[in-house]
Amino acid sequence: MALHAPFSWTSSAPLVAPMTRDGDVAISVKDPTLVEHDGRWHMFCSVRSRTRTHQIEHISSDRLDDWSGADRALLTCVDGYFCAPQVFYFRPHGLWYLVYQTHAEGRRLGLQPTYSTTRDISDPASWTAPSLFYTDDSLPTVEGWIDFWVICDDARAHLFFTSLDGRMWRASTELAAFPQGFGDAECVISDAHADWRLFEASHTYRVAEDDTYLTLVEGEDRRQGVKRYFMAYAADTLAGEWSPIATTPAEPFAGAANVAFAAETWSDHISHGEFVRQSGDETLTVSLADLRMVYQGVHHEEFAGRRYGDIPWRIGLLRRDR
């Protein structure tokens, strides 16, 4: 893979901010996932408000760099907790899939990887009721899991997630069986140290130039208070061994150490991001020639000392410097 440290990035101003509706004060908009379809950008984000702690919003715009006039709507397919979305078009079914996490009562693992589908991504009301990827309690032998992510190769669908302890995991199923058939998971990355660790939000992509794979994952820098940044790993195949590209907070893939701002510096947390893909399908293909990503950001002064639910995350756009 022709991707090597050091990296440098330039960030936009905040593009999307929390939107208060009907007197329900919005606190944050976060966890963006993004596709372009028929000349329009579709972003799905987690939203936290005073009335409801976890729900998903659909935001659409005809410009990637300007969301000021975007159409915005909360999804109604789930009544309770749901967040951390991923969207892609699964060509074998002719359906858009929205992957997210819900809370399932009575399960050994309370958080559950879940999906809804639609044939019309432009209609926020068209998503189906939630379905679980694991239909019984024969779950992977992990103690915790979060932030679920699906990517497919020619033969299999792969489900990646993290466990908040420095590890990333993978389960898989035959492509013809998707979205069912996922079994036990294996740990594919373990990267934890005294001052920093792999944390959450692992997002994996196919690289167009050489048909290899790139994982973007959020790290936690604990040297001077907790700060978020991006780590990166590469592999030849989705079932292969992952090698580090840039993992430390001092020399991150993207973080406070290597992100400049076109205007005011509004964030020193570079968190939970999604690459701008070449296409919206299940291969999640990106080009190294033009790496851009949407991310959630906040300045540490607004982060430190607050409960996580009170942090005012907003969405920005990074572009890798030439």
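As a proxy for reagent exposure, 302, 143, 200, 274 were ordered by neighbouring Cβ count within 10 angstrom, fewest first; the result is 143, 302, 200, 274.
Taking the Cα atoms of segment 9-320, the ratio Rg/Rh between the radius of gyration and the Kirkwood radius comes to 0.93. Dividing the summed helix terms, -39500 (n - 2.57) for each DSSP H run of n ≥ 4, by the number of residues in the chain produces a 222 nm estimate of 0 deg cm²/dmol to the nearest 500.
Residue 34 sits among other residues whose Cβ lies under 10 Å from its own Cβ, and their net charge, with Lys and Arg +1 and Asp and Glu -1, is 0. For segment 131-200, a Kirkwood hydrodynamic radius built from all Cα pairs, placed in the Stokes-Einstein relation at 4 °C and 1.567 mPa s, yields a translational diffusion coefficient of 102 µm²/s. Here the residues 76, 248, 204, ranked from fewest to most Cβ neighbours within 10 Å of their Cβ, fall in the order 76, 248, 204. Using the Cβ of residue 262 as centre and a radius below 13 Å, the other residues enclosed give a net charge of -2, where K and R count +1 and D and E count -1.
With neighbours defined as other Cβ atoms within 10 Å of a residue's Cβ, the residues 132, 111 order from fewest to most as 132, 111.
Values in this text are rule-based calculations from the coordinates and carry no lab data. Given the structure is predicted, the values throughout are model-derived calculations rather than measurements. Note: ideal-geometry Cβ built from the backbone for every residue, glycine included; neighbour counts use all protein chains shown.
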